[in-house]
Every structure is written in structure tokens, then in C-alpha cells.
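Notes follow the structure.
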Amino acid sequence: MRAVVQRVSEAFVEVEGEVVGRIGLGLLVLLGVGQKDTQEDVHYLARKIVHLRIFPDAMGKMNLSLLDVGGEVLLVSQFTLYADTRKGHRPSFVQAAPPEVGRRLYEAAIEAFLAQGVHVETGVYGAHMRVHLVNDGPVTLLLDSEDRLKPR
């Protein structure tokens, strides 16, 4: 499972001109589900994201987590995080999970964030969306659940 995590002062997502999810201070999480992903990947990434110390403390150092600052999550599905661009000019998405699996694990991710006491707003799975954000910092991180399996 892959995530692009952006610290934001505000973000919202539109579908067909209608705002379907909006947050203030928090994290915009673009989430891609891969062929081999499981519930374990969901829980690993949700825990990791919620506890990332990427918000500034009183001294301006990135030392506080989403929970520490009472931030929110805007969770947006994005299968294109599994694009393979090594060959040719048209990306291949064969490593992305099939839509029914992607939807199930995306919904599990929503529940995993909620279970940690985080307010979650969402996009619409499978819809064409317009995502608006004010990236604060800017702070943008790439996370991959496979990284937990690699030795250091």
C-alpha cells in the first residue's frame, strides 16, 4: 500500500463541482492499493501516518503528531500511485489492486483512522475528483507498507 502524505492547513475534494470532503489542519492522504496488499498493510500505514511527528512544536521543530495537534485526515483513493512508467510513455497500472479489492481496503483504511480517534473526510472511490490543498511547509512524504518488511 502506498501513500502520499501532505501536511495541510486546509484541503478539500470536489466531485462534479460538489465538495464531498473538507478538512482544516491535518493531512491529505492519497492512498493507493496494490495487488498484494492486506488488512495488515492498512493498519500499518494508518498507525504510521497518525503518529508521524511532522507538525511543528512551540519551537518550530517537527515534533508533534496528528493526534497531538487534533488534526484531521482527508483520505483520497489514488490507484495511479501504482503506475509503472519504466517502459514507453503510457503508464501501466497492472500492480494496482482490482477495483473491488481496492475499495474494500480503502474503506478499511477509513475505519483504521477512525479507530485511532481521527476525524476523517473522504473523496469518492473511483470518481473523477479535483483535490484542492494548501500544503503547509511544504511537507510531503511518500510511504509504502512494503518498507516495513525490508531490513535496515
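The values are calculated or read from the model by the stated rules, or taken from the named source; none is laboratory data. All figures in this text were calculated on a predicted structure; none of them were measured in a lab. Here the Cβ is made from the backbone with ideal geometry for all residues, glycine too, and neighbour counts use every protein chain on show. In case anyone asks, the SASA skips ligands and DNA or RNA and just uses the protein heavy atoms, side chains included. Shrake-Rupley method; radii C 1.70, N 1.55, O 1.52, S 1.80 Å.
Matching residues to (1) aliphatic (A, V, I, L, M); (2) under 13 Å from the mean Cα position of the chain (by Cα); (3) on the phi > 0 side of the Ramachandran plot:
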residue: H51; (1), (2), (3): no, no, no
residue: M62; (1), (2), (3): yes, no, no
residue: E72; (1), (2), (3): no, yes, no
residue: V76; (1), (2), (3): yes, yes, no
residue: T80; (1), (2), (3): no, yes, no
residue: K87; (1), (2), (3): no, no, no
residue: F93; (1), (2), (3): no, no, no
residue: R103; (1), (2), (3): no, no, no
residue: H119; (1), (2), (3): no, no, no
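Would you confirm whether any residue within region 87-98 is of a type outside the set (K, R), open to solvent by less than 50 Å² (accessible area, probe 1.4 Å) and either more than 17 Å from L31 (Cα to Cα) or out of contact with any Leu (no Cβ under 9 Å at 6 or more places or on another chain) (or both)?
yes
Open to solvent by less than 20 Å² (accessible area, probe 1.4 Å) and not hydrophobic (A, V, I, L, M, F, W, C) - does that describe any residue in region 40-55?
First, pick out the residues of region 40-55 that are open to solvent by less than 20 Å² (accessible area, probe 1.4 Å): 41-42, 45-46, 49-50, 54-55.
Among the residues that remain, those that are also not hydrophobic (A, V, I, L, M, F, W, C) are: 41.
Within region 40-55, one or more residues are open to solvent by less than 20 Å² (accessible area, probe 1.4 Å) and not hydrophobic (A, V, I, L, M, F, W, C).
Can you pull out the strands (runs of 3 or more DSSP E) entirely within region 68-152 that have at least 2 residues that are over 20 Å from V42 (Cβ atoms)? First the steps, then the outcome.
Working: elements: 72-77, 119-122, 130-144.
Passing ranges, in order: 130-144.
If the requirement is being open to solvent by less than 60 Å² (accessible area, probe 1.4 Å) and not basic (K, R), which of these qualifies: L67, L30?
Details: L67 fails: open to solvent by less than 60 Å² (accessible area, probe 1.4 Å).
Residue meeting the stated conditions: L30.
Taking G88 as the residue in question, decide whether it is of a type outside the set (V, I, T) and within 25 Å of R130 (Cβ to Cβ). Full working, then the answer.
Values: of a type outside the set (V, I, T): yes; within 25 Å of R130 (Cβ to Cβ): no.
When the stated conditions are applied, G88 does not pass them.
Looking only at region 75-93, filter to residues that are in contact (Cβ under 8 Å) with a residue 24 or more places away in the chain and of a type outside the set (S, T, N, Q); which one of those is nearest to E121 (Cα to Cα)?
The first filter runs over region 75-93 and keeps only residues in contact (Cβ under 8 Å) with a residue 24 or more places away in the chain, leaving 75-82.
Restricting the remaining residues to those that are of a type outside the set (S, T, N, Q) gives 75-76, 79, 81-82.
Details: L75: 6, V76: 9, F79: 18, L81: 20, Y82: 23 Å.
Step by step, filter region 75-93, then rank; the result is L75.
Can you tell me which residue among A11, A46, A3 is in a strand (DSSP E or B), in contact with a helix residue (DSSP H, G or I) (Cβ under 7 Å, 6 or more places away or on another chain) and of a type outside the set (S, T, N, Q)? Show your work before the answer.
Values: A11 fails: in contact with a helix residue (DSSP H, G or I) (Cβ under 7 Å, 6 or more places away or on another chain); A46 fails: in a strand (DSSP E or B).
It is A3.
Inspect region 100-122 for any residue being at pLDDT 95 or above, in contact with a helix residue (DSSP H, G or I) (Cβ under 6 Å, 6 or more places away or on another chain) and open to solvent by 40 Å² or more (accessible area, probe 1.4 Å) and give the result as yes or no.
The answer is yes; a qualifying residue exists.
Test of understanding: among G60, G21, which residue is among the small types (G, A, S), without any contact (Cβ under 8 Å) to a residue 40 or more places away in the chain and either outside any strand (DSSP E or B) or under 19 Å from Y106 (Cα atoms) (or both)?
Residue meeting the stated conditions: G60.
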